[in-house]
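Heads up, the thing below is written out as structure tokens.
The values are calculated or read from the model by the stated rules, or taken from the named source; none is laboratory data. Everything quoted here is computed from the prediction, not taken from an experiment. Here the Cβ is made from the backbone with ideal geometry for all residues, glycine too, and neighbour counts use every protein chain on show. Keep in mind that these areas ignore ligands, DNA and RNA; they rest on the heavy atoms of the full protein, side chains included. Shrake-Rupley method; radii C 1.70, N 1.55, O 1.52, S 1.80 Å.
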Amino acid sequence: MKTLLQCTLIGAVALSVSACKEGNSPFNQLPDFIQGDIQSSQYDGTTNDLLTGGLGASGLASGTAPTFDDPLNPTPEELRTLAIYNNYRALVDTVPGGGYGEFFGPQVGNGGEGLIAGEEHLAYMSVEGSEVPVTVMVQVPDTFDPDQACMITAPSSGSRGIYGAIGTAGEWGLKKGCAVVYTDKGTGTGSHNLTTNAAQRIDGTLTQADEPVQFRADLSDQERADFNAAWPDRFAYKHAHSQVNPEADWGRHVLQSIEFGFYVLNEKFGQETGNDRKVKKVLPKNTLVIASSVSNGGGASVRAAEQDDRGLIDGVAVSEPNVNPRVDTSFTIRQGSGPEITEHSRSLLDYTTALAVYQGCANIAPEIRDVAPLNATFNNFTVAENICNSLANKGLVTGATTDDRAADALRILEEEVGIQPEQNLLAPVHFGLAVAQSISMTYANAYAQAGVEDRLCDVSLAATDAAGAVTPLSGAQEAALFSASNGIPPSAGVNLVYDNAEGQPTNLAASASPSSSQPDYGLDALLCLRSLAVGTDVTSGAALSGTAAEMTDRIADGIEQVRASGNLQGKPAVFVTGRADAILPINHTSRPYFGLNQRVEGSGSKLRYYEILNAHHLDVLNGFPGIADRYVPLHHYYFQALDLVWANLADKQALPPSQVVRTVPRGDIATPLSAANLTPIAANPDAGDLILFSDDQVQIPD
């Protein structure tokens with residue numbers, strides 16, 4: 001039998017499964033869920049590396065992105081380097097003065113430019129019941145010590161591809177000398193050009209041939225031709241259109257990535273025997289495994305810990321996790337002396353579609369219109385007024401003036417949806433970036449297991465021109481999608497298109513609904529998605545019928561499939577979340593998960609929840625004036641979470657109690673971030689900072 005390493009050559013050379021799949025026991029045989037070939041590469045840490053794609057810390061911080069020698073035909077290594085550059089910078093603020101290079105970054109604690117030598121192994125895997133491939137990757141730094149083995153999981157955040165967690169869990173784990181196991185969670189950047197039939201190979205290069213690719217829509221040639229005739233120049237995307245609910249399997253994806261990681265490590269470090277078989281050396285019992293990552297990746301690792309029935313995971317450290325806790329109305333949430341929150345644990349699709357519908361109008365509410373940073377930069381106030389008028393005409397907001405209507409939209413989000421007031425200053429930027437709109441479209445399709453041909457709520461995906469009309473995506477843009485797209489349009493030139501817009505299919509942001517004569521951000525489409533999320537027509541209050549009724553039932557089933565149990569099985573765990581998170585509202589994610597966990601595990605719980613003041617979801621925005629002034633990097637506290645869980649597992653140090661962490665804003669982007677701004681998580685916090693579960697209530701200090 002050939003071992004994995006004997007099959008591997010320097011560079012991205014494919015491994016034959018038939019030659020390498022044999023084995024004699026778990027963790028030293030190729031898992032059955034691995035599909036096709038494994039691509040393996042060795043990086044010397046000088047010309048190229050695991051963490052920075054050869055760019056080094058200064059290259060990642062540079063505002064000039066790496067380019068391709070041939071923009072229409074980039075090489076796999078060029079695509080990989082650009083993917084690392086874009087994914088790192090999408091999550092980490094690299095602007096001078098924001099903490100990069102001092103509190104975090106490849107060079108911090110690593111020296112020089114922070115390049116890390118080692119091996120990288122890339123493959124497809126599957127889950128039972130689905131034919132859609134999931135990408136998995138293992139990075140093994142040269143500093144890995146099998147006698148002090150450690151492994152960190154790094155499922156991608158958002159809908160990002162395989163390098164989506166490179167700057168978060170990847171950086172911390174690689175610098176620690178741990179193997180890092182990544183997965184795109186069945187989302188990823190897989191795009192399918194329905195006109196040309198081009199799709200992405202595992203390395204990001206495009207092909208029209210019948211070969212393994214990240215994703216192609218399940219359409220026959222004739223079905224695709226018919227679709228193209230009616231809706232030319234459209235794209236299908238893996239997360240939205242794979243006709244599976246990938247989120248239901250995110251925990252399994254993470255557990256499978258760990259199994260693949262153990263296989264890779266035992267092929268490298270396992271002891272040889274006389275029959276040329278590897279004897280296991282790196283096992284769960286002698287390897288410290290932390291399930292980690294941020295946002296969707298954090299949620300995936302939480303679900304993996306809940307589902308871990310083999311003892312693969314020792315602890316959990318996540319930031320701003322996307323968790324949909326099982327609804328438990330037996331407890332409430334209260335911040336300070338504020339009102340009791342009973343309607344917590346709303347689903348992602350519920351609160352996100354509410355934001356998509358109401359936030360465009362709320363952006364011009366008097367209390368935030370001129371106060372929210374970059375509001376006028378990211379949003380068109382004329383369109384915002386049109387949205388308010390359309391909502392009023394449908395009876396969804398009240399008020400005689402635009403100010404009154406906008407204030408009512410904001411009230412609805414706060415009082416009826418449970419949006420935290422601290423989110424309000426950042427919500428306008430997120431609406432301008434189409435965050436809620438893109439999540440609403442993608443997750444409604446995913447939960448319904450809809451195909452691209454369903455065009456749920458008449459929304460499709462395509463490039464658009466300056467006027468908003470559908471146009472072919474340029475060849476250079478399509479060639480770079482693997483590296484430039486975040487997997488959830490609008491992204492990298494592919495936009496949300498409202499096919500039922502007045503006049504012609506139009507970029508959703510520029511669309512006028514049929515019920516309106518003015519551009520209102522395609523409000524009818526967003527209301528359709530909201531109706532599917534809540535199960536009734538939100539305008540009329542009537543029950544849905546026909547296809548809409550079928551889709552809403554499927555969506556409800558899909559949401560139930562992703563609900564978290566709250567049972568971490570006694571594993572030491574840390575959640576860090578920013579109170580100002582404007583993407584994953586804390587009253588529906590981290591706060592109720594903490595309460596549910598207390599209900600489920602009781603005194604056996606080892607979960608700690610740290611709520612960070614003056615912190616939010618997208619640290620990259622901290623590089624902008626007005627935002628940098630008010631917020632500190634949550635990324636810093638994510639690394640602290642990993643440090644705390646590591647110290648607990650490796651050195652038996654107690655985890656600090658759950659608490660509010662009172663940071664100090666910089667006040668001006670010209671003032672560099674310092675340790676004085678980053679109040680540490682306290683081993684013995686003041687009583688007034690403790691987060692408690694008492695009297696059937698999650699109690700959060702102001």
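Could you sort 237-250, 54-67 so that the peptide with the highest average Cβ count within 10 Å comes first and the rest follow in order? Could the numbers behind the result be given before it?
Values: 237-250: 25.8, 54-67: 16.7.
So the peptides 237-250, 54-67, ranked by packing, come out 237-250, 54-67.
Helices in the chain that qualify as membrane-span-like (whole DSSP H runs, Cα extent of at least 15 Å along the helix axis, mean Kyte-Doolittle hydropathy of -1.0 or higher) are 76-91, 250-269, 295-307, 348-362, 381-393, 435-448, 523-534, 546-562, 634-651.
What percent antiparallel are the DSSP beta bridges of the chain, to the nearest 5?
Details: 46 of 80 bridges.
Rounded to the nearest five, the antiparallel share is 60 percent.
Can you give the accessible area per residue of segment 170-213, in Å², using a 1.4 Å probe?
Each residue of segment 170-213 exposes 25 Å² on average to a 1.4 Å probe.
Please give me the summed charge of the neighbours of Q699: other residues whose Cβ is under 12 Å from its Cβ, Lys and Arg +1, Asp and Glu -1. Could you put the intermediate results ahead of the total?
On the way: positive: R334, R591; negative: E340, E611, D689, D695, D696, D702.
Taking every other residue near Q699 into account, the sum is -4.
For the residue pairs K185/K238; K285/K571; K185/K606, the C-alpha atoms sit more than 19 angstrom apart in K185/K606.
Shape of segment 437-513 from the C-alpha gyration tensor: oblate (a/c of 1.5 or more and a/b not above b/c, with a ≥ b ≥ c the square roots of its eigenvalues). By the rule of a C-alpha distance below 19 Å, with chain neighbours fewer than 8 residues away ignored, the aspartates and glutamates paired with K176 are D44, D49, E102, E113, E119, E120, D142, D145, D147, D314, D643, D651.
Could you please state how large a percent of the accessible area of the chain is carbon and sulfur, counting protein chains only and using a 1.4 Å probe?
Numbers: 11380 of 23770 Å².
Carbon and sulfur: 48 percent of the exposed surface of the chain.
Averaged over its residues, segment 554-699 has an accessible area of 34 Å² per residue, based on protein heavy atoms and a 1.4 Å probe.
Annotation for segment 627-702: trypsin sites (Lys or Arg not before Pro) lying in DSSP loop with at most 10 further Cβ atoms inside 10 Å of their Cβ are K652.
Please report the antiparallel percentage of DSSP beta bridges with both residues in segment 130-256, rounded to the nearest 5.
Details: 10 of 15 bridges.
For segment 130-256, the DSSP antiparallel bridge percentage is about 65.
Looking at the square roots a ≥ b ≥ c of the eigenvalues of the Cα gyration tensor of the chain, which shape do they give, rounded for a/c under 1.5, prolate if a/b is larger than b/c, or oblate? Oblate, since a/c reaches 1.5 and b/c is not below a/b.
Excluding ligands, DNA and RNA, what is the solvent-accessible area per residue of segment 226-384 at a probe of 1.4 Å, expressed in Å²? Each step should come with its number before you reach the end.
Values: 4970 Å² over 159 residues.
Accessible surface, normalised per residue, equals 31 Å².
Peptides 100-111, 435-446 ranked from most to least packed by the mean count of surrounding Cβ atoms within 10 Å: 435-446, 100-111.
By its C-alpha gyration tensor, with a ≥ b ≥ c as the square roots of the eigenvalues, how is segment 646-687 shaped: rounded for a/c under 1.5, else prolate for a/b larger than b/c, else oblate?
On the way: a/c = 4.55, a/b = 2.04, b/c = 2.23.
Verdict is oblate for segment 646-687.
Considering only DSSP beta bridges with both partners in segment 488-617, what is the antiparallel share in %, to the nearest 5? List each step's numbers first, then the result.
On the way: 4 of 10 bridges.
Of the beta bridges lying entirely in segment 488-617, close to 40 percent run antiparallel.
For N363, nonlocal amide neighbours, meaning residues 5 or more places apart or on other chains whose placed amide H falls under 5 Å from its own, do not occur.
Dipole magnitude for the chain: about 1220 debye, using +1 per Lys or Arg Cβ and -1 per Asp or Glu Cβ, origin at the Cα centre.
Restricting to DSSP H runs of at least four residues, report the calculated mean residue ellipticity at 222 nm for the chain, -39500 (n - 2.57) per run over all residues, nearest 500 deg cm²/dmol. If you can, show how the numbers build up before the last one.
Working: 21 runs with 212 residues, N = 702.
-9000 deg cm²/dmol, from helical runs alone.
Full extension of the chain between F381 and Q504 gives 41.9 nm of extra length, using 0.36 nm per residue less the Cα-Cα distance. Partners of K280 within straight-line reach, counting lysines whose Cα lies under 17 Å from its Cα and excluding those fewer than 8 residues away in the same chain: K2, K21, K268.
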